[in-house]
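Read the figures in this text as sums done on the coordinates, not as results from a lab. Source: prediction; values computed, not measured. Note that each Cβ is placed from the backbone with ideal geometry, even for glycine, and that neighbours are counted across all protein chains shown.
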Amino acid sequence: MAANLFINGRRALRFAFGEVANVTDSPYPFTLLVSQVDTERVLEKRVASLGSHVERPLEPLGFEQDVRARLRHGDGREEALRARYVVGCDGAHSVVRQEAAPSFDGAAYPAGFRARGPKRGVGG
């Protein structure tokens, strides 16, 4: 399995997933990539269908298990609220993940992934 990056209609990069694609101890032995933009679009549509909305920018400052959260809005205003659920979508250094401290019973795949946007001037 591999991923290809095309620039101006020409393949600029091919990345073979190697070991990641050969996982045999999982009920889902394949690699599935969905862009963050597509994922956010689907989730925001579902949230809207439930009568709510996603606020941006909003920084999680912390939370307690019963669930009380502290948030900072883009304008610097802070807010405390109660919620039934907390969803950690705040990246690799997630405040939600750090404070919830969930166990991780699996093992890391022997490969690393990195996301990067294009350099200025590429394709434009």
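The length gained on full extension between residue 48 and residue 85, counted as 0.36 nm times the residue separation minus their Cα-Cα distance, comes to 11.7 nm.
Debye-formula intensities of the range 54-102, expressed as log10 I(q)/I(0) at q = 0.19 Å⁻¹, are -0.59 (one equal scatterer per alpha-carbon, no solvent).
Arranged from highest to lowest average of other beta-carbon atoms within 10 Å per residue, in what order do the peptides 8-14, 54-60 appear?
Working: 8-14: 8.3, 54-60: 11.6.
Result, highest mean Cβ count within 10 Å first: 54-60, 8-14.
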